[in-house]
Structure formats: C-alpha cells, structure tokens
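Trainee: A single structure is presented below for examination.
Bear in mind these aren't lab numbers, they're just calculated from the coordinates by the rules spelled out. Being a predicted model, the structure only gives us computed values, none of them experimental. As a convention, Cβ positions derive from the backbone with ideal geometry for all residues, glycine included, and neighbour counts pool all protein chains shown.
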Amino acid sequence: MFILGLLSWWYGAGWRGRLAALREKLASTLDYFSIDLLLRTFFSPFRQISAGRVDGGLNVQMRAFFDRLISRIIGAMIRLVMILVGSLAIAFHAVIGTLFVILWGVVPLAPIVGIGMAISGWVPWNL
Amino acid sequence: MESVTLNYGSMRAVKARMGRQLGGVWSWLLPIITLLLVAGGVMLLLVEQAVGWLVIGMAAIPFMFHQWHKHELKELPPIKSGSTIDDLLSIDILGRLSKNPAPNELAVVLGEVQSGQFFAARFGVGSQFLQDIAAKEADKTTLIWQEALKIKEELGLAEITGGVLVVALVRAFPGYENLLAHVHIGDDDLIQGIKWQEHIKFLIAQHGKPRRTGGIARDWSFGYIPLLTRFGQNLSDQISRGGLLSADLEAHTQALDQLIETFGKGGRQNAALVGAPGVGKTTIVHAFAERLLDASASIPESLKFRQVFILDSSSLLAAAPGRGELENLIMQVLGEAYSAKNIIICLDNAQLFFEEGVGSVDLTNVLLPILEAGSLRVILTMDEQRYLQIGQRNPSLVNALNRITVGPATKEETLAAMQDQLIVTEFRQKVTYTYQALQEAYRLSERYVHDLAMPGRAIKMMEAAANYSESGLVTMNSVQKAIEQTLDIKVGVASDEDEREKLLNMEELIHRRMINQSRAVAVVSDALRRARAGVRNQNRPIGTFLFLGPTGVGKTELAKALADVYFGGEDRMVRLDLNEYVRSEDVARLIADGADDPTSLTAQVMKQPFSVVLLDEIEKAHPNVLTTLLQLLDEGILRDIKNREVSFRDAIVIATSNAGAERIREYIERGYQLEQFEKQFIDELISSNQFRPEFLNRFDEIVVFRPLEKPELIQVIDLILAGINKTLALQKISVNVADDAKQLLVDKGYDPRLGARPMRRVVQRAVENTVAKQMLSGAVGPGSTIEITFDQVQQILGSQTEADAIAARTNQQVGESDEKTTGPA
C-alpha cells in the first residue's frame, strides 16, 4: 500500500503537477519578457522620447517627425533584441522543463537501472 | 449528511500519518541523503567503481519520498465527494489521531496543530482548557464529529479544520456559554475565529500567487520620469516588489470600482476621494494601484500597468522654496507625468496643495487648469470639511472634480480591516493580539477616539496597545491600559485590591470630610460602584445628580470629596458657575473650542474626561444653556463649536441649586423629615417654573440636602480642626479645643440662612489667632499641644458683634458668588 500509494501519486497527480509547474514557469518567463506587449508596441517611440505633439512651422514639424522616427527605430531595434533574448530564454526553459517532466517518469526505475548498470560493470570513461 | 465514522485505515488516513512521519527532520534530511548518494555515486564512478550506478540509482528513493511529501502528503486536500470523517478532516489532525480517539484526545491533538494553537493564542481557548471540558469516553466522539460536520456545512468550508473541532468540542460541554464568558467571548466569536483563520489562509495563498506585472515591455513603452521618482512615491513599484501589504476591504470595494470606472471611461480623468480621516482613502489608492498591476484583473486595457505616484508635498516645498520656483517645478513634474503616458498622480491630503499654511501651499492656479482639462489622471484625497472649505473658496475647483465619497466602515468591516492590518503590526512589533483585544480596541476607540473615523480609529487604538503587551501578548487589558494611560481615565472593571476596597468603603471615605447628607453620599457612591463593576449604561455619564438645598449644607463639598477620594484629587473637578451663563450667547462659551478658550466645558472635559463635572447654581443659567446640557445628561455627549463629539461618559455630572432653599427650611422648621416632603418639594419646583420637568427627568437622582443641625455642626468643627492640625503638623504642634469651646464656636458661627459656611472663618479666627500668638510669644514649641478653652474663644471672638461681623462678611461674599467658597468641612 505504501509503495503503491507513492507510485500512483508519482505517475498521476505528481506528474500532472510537474507539467503545471512547467506551464507556470513558462508563463512567468513570458510575463517577464512580455513579448506580446513588445510586439504590440514594436514601433512605439522608445520611452516616449520625442513622442509628444509639437506646435510650430513646417521645419519644426519635420524635425519632430524625424526625431520621432529615430526614437521609433531605436525602440524597434531594442525591442527586437529583447524579443530574441526572451524567445531564447523561453525555449531554454521549455526544453529543460520538458526534459525534467520526461525524466520524472523514469525516476522510479532508477534503482533497478542502477542495479543493472552496477552488475554490468560499465563505467563511461573506462572504455 | 456524511458518515460520522473515522476510517483509520483509509488511504487518506494512512497518507496523513505517513506525511507526519516524513515531516520534521526528514523533510530536510531526505534531500541531503539524495544529494549525498548522487555525489557518492559519481565519485565512485570517477574511481572506476561501477557500484556508483547503484548508489546513484538508490538516490531516487529518498528523492521520490521527498517529492511525495512536499507536493502531496504535506497538504493533502480533502476528498470533495468524501463521505467519512477521514475524507474531510484536516490532514495535520488526521495524521495524529489514534484508531478510536476520545474527545479529550482530540483536545490534546489540537494543542499540537497550528489551527488549534491559533485559538489558544487568539481566544485563550487552548488545549488544556479543551482537555478539561472534553469527555474521556471514546463513544462521545461521534457527537463531536456530528457537530463539526454541521459547522463545516454552515460555514461552507472545504474541510474540518482545527478551528471547527475547537468549536465542536466547546459546544459539547453543557453550559459552555458561561464558560466562554470567563474569557470574554461567546459562541459567535468562536465562529468569527474560524472565519478569521480561513481568511488568513486565503491571504497567504494570495500572497504566494505569482504576479503578472507586464514585465520589461511595460517600462519601455512609457517615458522616463526622473523628477517624479525624486518627488513622488511609486506605489506600483512598491507593490510589484512585494513591499506593500494592502488587503482588499469590503468597505472600499465600492469606492475602488468607482475609481476604475472614472478612469476607465472618457471625461475628466480625475477623482476626489472624500471622507473623514481614518476611513482609508489612502488604502483605496494602494488597492487601486495593486489592481492596475494585476494582469488578470478585469479592468479596462487603458488602465493596465499604469503606475500610481503619490506626490510628496514636503520634498517639493523643500526643493523649491520660492513662490515662482514651486509652480515651475510642479509644472515640470506634471508635464513629465503626462509625457510618460502611464502615470496616475495622487495628491494625498490634497488640501496641502490648495491652501496656504505650514507645510502647504496654494497651487490652485496651477492645478485647476490641469484638473479642468482632465487629460492627466489625478486622484485627490481629502476630508469632507476641507473639501467643503476649498469648495467655498473656489467653487470651480470642486466642479472640476469627480467626487467619490468614502464612508466609515461598519463593525464587521472594521474588525476585518484590523485583522488584515494585524499581520503587519504583529510582524513589526513582535507581539500577538488576542481576539478580545481587537474587540476591546474597537469598543474603546468608538467611545474615546474622536479625531478619526472607522476603521482608522480602531487600528490606531490597536497599534497603541502593542506598547502595553504582557509577555508579547496584547490582551483586552493591554488595550484598556493604553487608553487609561493616554487619556487618564479608568475603563476596565475594578480589579485592583486597593480600588475595590475604596469603592466598597466609599461612603466612609467621603464621610471623613463630610457630615451627614447620607442619602446624597450613598447615591453617588452607588453610581460609582455600578460604573466600576461594569454594570452601568455605557452610553450615559457615570451618574447625573441634581443637589438641591440651602447654601452651606455640603453640596459642593460632596462633589469635591468625590473628586478627591475617587478621581484622584480636587483638581479632577471641572467646575462651572452657571450664574456666568445667563445669556443666550453664553452657549457658545460653554462649547468653545479648546484652542480659543481652554476653560470652556467641552475643552476641559476633552482634556480630562474622567472627572467630576460640577454645574453650580444651575437655576441661574439661561434656558438655552440648559437645553444644550440636555444631550449631555441624556447621552453623555456634547458637541463642541467645531462639531466634535466630547464624551462625558466617564464623568459624574453634579448640578447644584439653591432653588427652594427657603421652602426646605420651612418644612424642616415645621418638623417634617426630608423623606416626607422631598417629592412634594420637587413638584413645587416644577410648578413654580423654576425647572422644566424634561430637564429634571434627565437626572438619575434628585437629592435634597437638609440644613445641618447643631450637633452635626460640632462634627463639622472637628473636621475643620483636623484640617488645622494637619497644617500645624509641619511645625510639630497640635491644637485641642475644649468641648464647651466648640459649643461656643457653633453658637457664634452658625447662621441658619448661610448654613455652616461662616463657621470655618469663626473657627479659624479663634484657633489660628490663639496658636499664632502663643507661637510668637514662645509659649509653645515643637511637640507641644495647645489647649484652647471656652474663655480663650470668648476672649478672641469678643462680643457677639465680632462673630456677627464675620458672618456679615461671609454673607456679602456669598451674595456675590454663592457657593464659590467651600462647604461645611
């Protein structure tokens, strides 16, 4: 009953719990890098620099337009870098997390595998 | 209804016991063993020992147990569709129970689990208390389970918690309500305790939940705010770093929703939170900031991740002391907030920005156009009175604001707010509050704290009590001590031995300085005893008495004696001569603000609520003054000129009057006893229009003082002589007056119209003059006793004319200000 209880949890609620934890971790990373918001504001002026409306003649308006354009381009570049970094971080978490979830399934077999390996006498650097 | 059996062998019960075994030491030992096995295995492999695989493989066993304990056994949830007690019982209790537990075993278990300890610390209902009342027979446990299931269903709980079992155990005891009364709680309070515990669990779960705050992109979308960072407090930043613990209060939900609605739709983007100090306006702003940061909250997109800044008026003033500089700086700060696109400015205590004063400056000209334009989001908080004042000075400013009224919290809401605030206060002050302390803080703050509204006033009281904790526990007693020390009043039931003795022997103590008037002494003593035993009406003064009788019979003296004997000295008497309040306009003087007139009745009682209030010569007061006093006598409350409530509920109010003095003398001379004519006399007073019946009805007791008789006056002389001897004790000299001399002093000093009042002067003249002469002549020295004989008194007072002259002088003074001088003793 004791072992049964442990194993039934391990391959039931325990495994589901690991999946939920992975989902939560990915959601948290997504929130931190906020890729959706970065995409939505991709061409917005960076930190609102030169973002305000300007009154004045044509030359003033033109200068403001170009200032705003530069601010938008800089904003887009920085956001692009962050989107790439964020995507990599999310991918990394996803891979590691998935690996952990898969490994979770084989942990109960580890003692048996260990016995087998010990009997076989195989050591990786002793080939 | 679920089955009331406990299946000891069920899977959940077994898991609960296993979880308990794997807790404690094993909870940290298992991961260490895992790590050691993995490290050991790797090291064996490094030295080319294949047995290392076995060691690594074995590490899986402690790892699995650790994971199982951490993720399931430690917090095994109840089985929703469960039918037996073991399906629904809280895991920490289930893991500790034997196969067939008796109620007293449940009591022992409750002492070991956190939920049971909660009731021990907060309510004084601990394990020992429960063991004492719980049955020892195992067959009685079924009743406990039945009651626990009933409570769980009633409260809609997911499981049977320790709190539920505490209540079930208590309820199983016959007459348990009497038992609970000893710890100042009732059955309802225990139910509140269960809810409180559940609420704490909820708060902890909420606090542990991951936050979604918009991340990096949020900050990059909005502008730089260096000035705002310098001159403002970023609430949103504090919340996202977990630095603020602002609980959601029901009382504030409505205001919060209005705030979101105001900023979520078009129109002027400003809101003025208006409410009395202490209602929680700033807390609402905190809750608002928290809501905006919650990505999962249902709020308009235009509000998501907006940052709330509270502008710091003092740092702005310090940075720009010059008039023009400050306006310039404010414009820059607000301009920055507008350009950043994500800022909501909060002007906390907004009056600081709209009026000239110390630490405040009138920036109406700068702020009004911004508020009217409504493009920059601004929240203002201010109290009702200031809002009206500002509106009076500048109506267009008030018209530009979207007003949101914040009302004071109800008792339930206040207690909930206190319980939430408690988490922070207990952590900071390193104390634990009992439930009774919270209730007492609410009760006493409602009565004595007038400068704040609920829940602020109760929270203030609660925090003040932390300094009076006993061994880190804040109890009812701590709260009472806090208010007694700060306001110099007595609020608890008399428990001190000295005080109880004093109360029980009050009549005797008063009679040490007063002769006769036993009924008057008895009624005031009874009132005081009722008050200190906690059986009086709390919503009225301790006692209200009208003393009627001729001058010089001891009316004022009784008030003084009371102030001295019980209230701690004659200076604890607030005395008002109502012959100075004969005009209608004098009402204003009676209730004047303490800052303008510290001698007004309201100002004196506000400063010293625990006192004797003596209203002398009440019949001479203007009817409007008497009408003003009606509320005081009725409810123990008088509003001062600033409409602040001043409590007279800890005072004894004594009104004196000479009205009908001649009639009393007539009755006495005709041989009537006081009891025989008292009622008729009061009726005569009413019918003669000297007092209105509704005014007389307001008094607890109307006591008629009778003139003193000659034998009593001998006793008065003894009291006067005792006073003289007390003075002479410094010189180690005492005075003894012969009995026949005393009789002579009475004959010379007594005046039927003035009572005993002239007698003090006559005695002083006769005795003090003799003593003075003898001391100067060197006839007496330290340690001597001066004997004063009949002849000496006669010689000093000379003829009857001498005494008459003294009496005449007294009479004249009394005419000028009746009863201003002291009474018979």
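Trainee: For region B:45-77, which GluC sites (Glu not before Pro) are in a loop by DSSP, counting at most 12 other Cβ atoms within 10 Å?
Mentor: B:Glu48, B:Glu75
Trainee: Another question, then. What size of dipole, in debye to the nearest 20, comes out for chain B about its Cα centre when the only charges are +1 on Lys and Arg C-beta atoms and -1 on Asp and Glu C-beta atoms?
Mentor: Using only the charged Cβ atoms, the result is roughly 1760 debye.
Trainee: What aspartates and glutamates could a cross-link reach from B:Lys341, if we take a straight Cα to Cα line under 13 Å and drop same-chain neighbours fewer than 8 places away?
Mentor: The reachable aspartates and glutamates, counting only those whose Cα sits under 13 Å from B:Lys341, are B:Asp219.
Trainee: Also, quick follow-up: Which residue, chosen from B:Ala531, B:Ser600, B:Pro541, occupies the Cα position most advanced towards the positive end of the dipole of region B:508-635, where the dipole is computed from +1 (Lys, Arg) and -1 (Asp, Glu) charges on Cβ about the Cα centre?
Mentor: Comparing the listed Cα positions along the dipole, B:Ala531 ranks first.
Trainee: To the nearest 0.05, what FRET efficiency results for B:Glu645 and B:Glu709 with a Förster distance of 56 Å applied to their C-beta separation?
Mentor: For R0 = 56 Å, the calculated efficiency reads 0.75.
Trainee: Identify the trypsin sites (Lys or Arg not before Pro) of region A:1-110 meeting these criteria: DSSP loop state and at most 12 other C-beta atoms within 10 Å of the C-beta.
Mentor: Sparse-neighbourhood loop trypsin sites (Lys or Arg not before Pro): A:Arg53.
Trainee: Could you calculate the contour length gain from B:Val582 to B:Lys265, that is, 0.36 nm times the residue separation minus the distance between their Cα atoms, to one decimal place in nm?
Mentor: 108.1 nm
Trainee: Using Cα pairs closer than 8 Å and at least 6 residues apart in sequence, work out the relative contact order for region B:614-689, in percent.
Mentor: 30
Trainee: Pick out, from A:Trp15, A:Ile90, A:Val107, the residue whose Cα sits farthest towards the positive end of the charge dipole of chain A, with +1 on the Cβ of Lys and Arg and -1 on the Cβ of Asp and Glu.
Mentor: A:Ile90
Trainee: Please list, in order, the residues from region B:400-432 whose amide nitrogen is less than 20 Å from a point placed 7 Å along the Cα→Cβ vector of B:Asn467.
Mentor: Of the residues in region B:400-432, B:422, B:424-432 have backbone N under 20 Å from the label point off B:Asn467.
Trainee: With the calculation restricted to Cα positions, what are the radius of gyration and Dmax of region B:478-589 in angstrom?
Mentor: 15.9, 48
Trainee: Which loop-located trypsin sites (Lys or Arg not before Pro) does region B:690-794 contain, where loop means any DSSP state but H, G, I, E or B and the Cβ has at most 12 other Cβ atoms within 10 Å?
Mentor: The qualifying sites are B:Lys732.
Trainee: On to the next question. Just want the ordering: B:Tyr435, B:Tyr8, from fewest to most Cβ atoms lying within 10 Å of their own Cβ.
Mentor: B:Tyr8, B:Tyr435
Trainee: With a sphere of radius 14 Å drawn around the Cβ of B:Gln351, what net charge do the other residues whose Cβ falls strictly inside it have (Lys, Arg +1; Asp, Glu -1)?
Mentor: With Lys, Arg at +1 and Asp, Glu at -1, the neighbours total -3.
Trainee: Given the -39500 (n - 2.57) contribution per DSSP H run of 4+ residues, what per-residue ellipticity at 222 nm results for chain A, rounded to the nearest 500 deg cm²/dmol?
Mentor: My calculation for chain A gives -26000 deg cm²/dmol from helical runs alone.
Trainee: Report the residues of region B:1-44 in range of a label on B:Lys140: point 7 Å along Cα→C-beta, backbone N strictly under 20 Å from it.
Mentor: B:4-6, by backbone N distance to the label point.
Trainee: Another question about this same structure. Assign unit charges at the C-beta atoms only (+1 for Lys and Arg, -1 for Asp and Glu), then state the dipole size of the protein assembly as shown relative to its Cα centre in Debye, rounded to the nearest 20.
Mentor: The calculation lands at about 3620 debye.
Trainee: Counting only DSSP beta bridges with both residues in the protein assembly as shown, what percent are antiparallel, rounded to the nearest 5?
Mentor: The antiparallel proportion sits near 20 percent.
Trainee: Further question: Of B:Leu401, B:Ser687, B:Ser296, whose Cα points farthest to the positive end of the dipole of the protein assembly as shown (charges on the beta-carbon: +1 Lys, Arg; -1 Asp, Glu; origin at the Cα centre)?
Mentor: B:Ser296
Trainee: Arranged by the count of other C-beta atoms within 10 angstrom, fewest first, what order do B:Thr628, B:Thr486, B:Thr425 take?
Mentor: B:Thr486, B:Thr425, B:Thr628
Trainee: Fewest to most neighbouring Cβ within 10 Å: what's the order for B:Asp700, B:Asp577, B:Asp718?
Mentor: Going from least to most buried by this count: B:Asp718, B:Asp577, B:Asp700.
Trainee: In addition: Once all Cα-Cα distances of region B:221-357 are split into 5 Å bins that start at 0, what whole-number percent is in each one?
Mentor: Going from the shortest bin to the longest, the percentages are 2, 9, 19, 23, 21, 15, 9, 3, 1, 0.
Trainee: Under 20 Å from the Cα of B:Lys748, which aspartates and glutamates turn up, not counting those fewer than eight places away in the same chain?
Mentor: Partners within reach: B:Glu709, B:Glu712, B:Asp718, B:Asp739, B:Asp740, B:Glu768, B:Glu787, B:Asp791, B:Glu802, B:Asp804.
Trainee: Could you compute the net charge surrounding B:Leu368? Neighbours are other residues with a C-beta less than 15 Å from the C-beta of B:Leu368; K and R count +1, D and E count -1.
Mentor: It works out to a net charge of -2.
Trainee: Got the relative contact order for region B:444-510 handy, in percent, Cα pairs under 8 Å and 6 or more residues apart?
Mentor: Relative CO of region B:444-510 lands at 19 percent.
Trainee: In chain B, what % of DSSP beta bridges are antiparallel (nearest 5)?
Mentor: 20
Trainee: Find the centroid of the Cα atoms in region B:352-415 and in region B:30-101, then give the distance between the two in whole Å.
Mentor: So the two Cα centres are separated by 60 Å.
Trainee: Tell me the relative contact order for chain B as a rounded percent, counting alpha carbon contacts under 8 Å between residues six or more apart.
Mentor: Computed value for chain B: 8 percent relative contact order.
Trainee: OK, next. Cross-link list B:Lys201/B:Lys460; B:Lys99/B:Lys136; B:Lys80/B:Lys150; B:Lys15/B:Lys99: which exceed 18 angstrom alpha carbon to alpha carbon?
Mentor: B:Lys201/B:Lys460
Trainee: Can you give the calculated 222 nm mean residue ellipticity of chain B, where each DSSP H run of n ≥ 4 adds -39,500 (n - 2.57) and the sum is split over every residue, rounded to the nearest 500 deg cm²/dmol?
Mentor: Counting only the DSSP helices, I get -16500 deg cm²/dmol.
Trainee: Counting only other chains, what is the mean number of Cβ atoms within 10 angstrom of the Cβ of each residue in peptide B:54-67?
Mentor: Shielding by partners across B:54-67 averages 5.
Trainee: While we're here: Under a point-charge model restricted to the Cβ atoms of Lys and Arg (+1) and Asp and Glu (-1), what is the dipole moment magnitude of region A:2-120 relative to its Cα centre, in debye to the nearest 20?
Mentor: 240
Trainee: Here is a follow-up. Modelling each spin label as a point 7 Å along the Cα-to-Cβ direction, I'd like the B:Asn624/A:Phe100 distance in nm, to one decimal.
Mentor: Between B:Asn624 and A:Phe100, the simple spin-label model gives 8.0 nm.
Trainee: Hey, how many Å between the Cα centroid of region B:585-641 and the Cα centroid of region B:716-742?
Mentor: Rounded to whole Å, the Cα centres lie 39 Å apart.
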